[in-house]
Amino acid sequence: MKNLPDFAGLAGLVRERRPLVHHITNDVVNNLTANITLALGASPVMAPCILESPEMVAHAGALVLNIGTLNPDLVKSMKAAGTEAARLGIPVIFDPVGVGATNFRTRVGLEIMRELKITVIRGNAGEVLGLAGAQGAVRGVDSLDSSAGRESFLQEYARKTGAVIAVTGVEDFITDGARWARCSNGHPIMGRVTGTGCGATTAVACFSAAGIPAFDATLAGLVLYALAGEVAGERASGPGSFVPLFIDALADPDSLPWEKVLLETCP
Amino acid sequence: MKNLPDFAGLAGLVRERRPLVHHITNDVVNNLTANITLALGASPVMAPCILESPEMVAHAGALVLNIGTLNPDLVKSMKAAGTEAARLGIPVIFDPVGVGATNFRTRVGLEIMRELKITVIRGNAGEVLGLAGAQGAVRGVDSLDSSAGRESFLQEYARKTGAVIAVTGVEDFITDGARWARCSNGHPIMGRVTGTGCGATTAVACFSAAGIPAFDATLAGLVLYALAGEVAGERASGPGSFVPLFIDALADPDSLPWEKVLLETCP
Amino acid sequence: MKNLPDFAGLAGLVRERRPLVHHITNDVVNNLTANITLALGASPVMAPCILESPEMVAHAGALVLNIGTLNPDLVKSMKAAGTEAARLGIPVIFDPVGVGATNFRTRVGLEIMRELKITVIRGNAGEVLGLAGAQGAVRGVDSLDSSAGRESFLQEYARKTGAVIAVTGVEDFITDGARWARCSNGHPIMGRVTGTGCGATTAVACFSAAGIPAFDATLAGLVLYALAGEVAGERASGPGSFVPLFIDALADPDSLPWEKVLLETCP
């Protein structure tokens, strides 16, 4: 591994710049993702209503669009805020929760990709592959699939959309179409806590909001997230005690065991 | 006590089958109930919008309808999803939060009972008695009452509706009109944590979603829930530290002290 | 310090009377604020829909209006519930989250002040100063400002509105226009946990709901809150572990180190 970003240094940049991260997100994870944002040293705001969501974008360093509990009004608000973000050059991080599970979600996911300029897509394999039109599978909001063997397809999707693509799971795979990285950190218990996927999207958004370029921001966000999850997972006695330990680990990146990062990158 | 279900075995069945549990529920408890679902080894999905809620039902093993923060759109979505669940033979677990506290809630509760096929009703005494038209009392969403002395009335209500009736509180009373059970496990601290009632409904739904018949699923879900609460309550130093300990206990049913179950059943 | 309220005694009054506190609040903090309400010994209800929000007010000892994730329907419901509260003489505690950050929020905040009878306003400096028309600054929902040097302005605003004004932050400043108090307890980690401001509003509401007059209720609620935060902050290893410890501390006011209260009052 060479030419890797200085992850702890980038995490320090987030804390130093303390950017605002605007979330239009789902009702199940808004508290958790707000706390993840704060733990990373950024500042969360959730302003879902279209009467203010575009205006709030102007204060933000990044915009998260998460369709976990979507409805038509929220979709309109996401599109308005996303359009404003593109106009202002603010990165948009898209979490296509459950795309493939219902026609409504799939249609909204495709509309968002077509109508907005998305900087990073972060989802599980089924969601991202479903969005990309691959033969994917989504079961509720849980993926039945992994990115293994789909790397070329995802790289092509990154080139086609101009977005950084991040598929998280047992392994995280990240590509901008040219470069790619694979991170094997994390802990199985993360699959037993709601919102850990949505939280990964938020981590990417926090690094993006600090002005870090999309590929490095995604990589740094997901590596820190997985490493903190690994540390907390080893300390936790179950998925309940995991959550506070995980937030604590995210809030103190300097004491994470960075030497344990398992990362393969190319080039 | 004889012919009791093998509770730990049924909990293992939930983990093995990992059924999807679709919740149309309230904004206060959606994160907690999603985490309870995952702790029990099932998989949660919250898709409240009518444009997808019936479609999502087809992926699910059970549907939770919880009226804690209802509005007309959500009620329409509940009815559409509940109708689809009946068509597909998927159990519907109804939590009549706050019925009796306002005319709107009471009316919606009665409409749901009249228009849908409900498999299990889980509420506190005031809510269930209010729904059943007994002289109940509801104060906000808190019951002022218990099921004590109302057993015959509840059995009659079970026969009339065809639903399993579960009234939880200091004691939990469960009946399908013929059989009944009373469980005395639990811990007083559960009354000082929001969503512990809604979480009990979710536990019942997880067992139902695994294909376990309604009465056994309700009994197993509530006994496991109360026992895990008792264990966590004894370890906790307050209602805040209770929550992570409770989730941990729910996620590890094999290490619960099953010999401490206090259960009276008939026949 | 003399003639101070007996804080532990007032906290005991809340637990003894167990008043219902009706919240029309935001989706990010509703679970946390419900748990804070329960920890303090009061009983939370969240009934956001206008079809029941005014009716629910009649059961409540206080009404919280929090505009953190507002939309036009919620605003109508807040106004209807607030009008009913005024008619019944029930205190209304207003949290002007993010006023100043968008035109919509600022407009709604001013409408609420103009159309309703507000008993207590609790916000950070930027929000309250923005509401009061001072040269304030709000960045997202985070204040860039403090109350220092604005005490006279805030006292004048209290006299003008007839509300108790509470600006919280590193120092909390409370005034009813005649009296004022300044509390320096708390812990920096509270700024890294979402909803700690909204939770302070809830604490004030719990004391108000117990029938304690507005200034004393606000002072007692905020002093207890800051002291519990200080205790939990000293014990926590990060913002994640802070939350359960904080709820535990709020739930056990008798064991708080009341001798550490740092309070300046006048007269």
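What to note about this one:
- A cut-off under 10 angstrom between Cβ atoms defines the neighbours of A:Arg122, and their net charge, with Lys, Arg +1 and Asp, Glu -1, is -3.
- With label points set 7 Å from Cα along Cα→Cβ, the inter-copy distances at B:Lys76 are 1.4, 1.4 nm, sorted shortest first.
- Packing, taken as the mean count of other beta carbons within 10 Å per residue, orders the peptides C:209-217, B:233-241, B:196-204, A:98-106 from highest to lowest as B:196-204, A:98-106, C:209-217, B:233-241.
- Classification of the range A:56-206 by its C-alpha gyration tensor yields a rounded form. The axis ratio a/c (a ≥ b ≥ c) stays under 1.5.
- Counting Cβ atoms of other protein chains within 10 Å of each residue's Cβ and taking the mean over peptide A:246-256 gives 3.
- Zone residues, the range A:210-230, relative to A:Arg17, backbone N less than 16 Å from point 7 Å out along Cα-to-Cβ: A:210-222
- What the Cα convex hull of the range A:11-143 gives, in volume per residue, is 99 Å³.
- Global form of the range B:128-241, assessed from the alpha-carbon gyration tensor, a/c cut-off 1.5: oblate
- Annotation: amide H of B:Ala62 within the under-5 Å range of B:His22, sequence separation 5 or more or interchain, hydrogens built in the peptide plane.
- Net charge of Cβ neighbours under 14 Å - reference A:Gln155; Lys, Arg +1; Asp, Glu -1: +2
- Computed lengthening from B:Arg114 to B:Ser255, 0.36 nm per intervening residue step minus Cα-Cα distance: 46.6 nm
- Hydrodynamic radius of the protein assembly as shown by the Kirkwood approach over all distinct alpha-carbon pairs: 26.5 Å.
- Cβ-based charge dipole, the range C:205-267, positive-most Cα from C:Ser255, C:Pro239, C:Leu224: C:Pro239
- Taking the range B:7-266 and dividing mean pair separation by its residue count, relative contact order in percent (alpha carbons under 8 Å, at least six apart): 19 percent
- Cβ-based charge dipole, the range C:7-266, positive-most Cα from C:Thr168, C:Gly149, C:Ser43: C:Gly149
- Charge tally in the Cβ shell below 14 Å around B:Val29, where Lys, Arg are +1 and Asp, Glu are -1, B:Val29 excluded: -3
- Look at the stretch A:186-193: the mean tally of other chain Cβ atoms within 10 Å of its residues' Cβ atoms is 2.
- From most to least packed by mean Cβ count within 10 Å, the peptides B:11-21, B:29-39, A:4-14 give B:29-39, B:11-21, A:4-14.
- Approximating the spin labels as points 7 Å out from Cα along Cα→Cβ, the B:Lys160-to-A:Lys76 distance works out to 4.3 nm.
- Net dipole in debye of the protein assembly as shown [+1 Lys, Arg Cβ; -1 Asp, Glu Cβ; about Cα centre; nearest 20]: 1320 debye
- Translational diffusion of chain B was estimated from the Stokes-Einstein equation, with Rh taken as the Kirkwood radius over Cα pairs; at 4 °C and 1.567 mPa s the coefficient is 73 µm²/s.
Rule-based calculations on the coordinates, nothing more; no lab input. Note that the structure is predicted; figures quoted are calculated from it, not measured. Please note: Cβ atoms are built from the backbone with ideal geometry, for glycine as well, and neighbour counts cover all protein chains shown.
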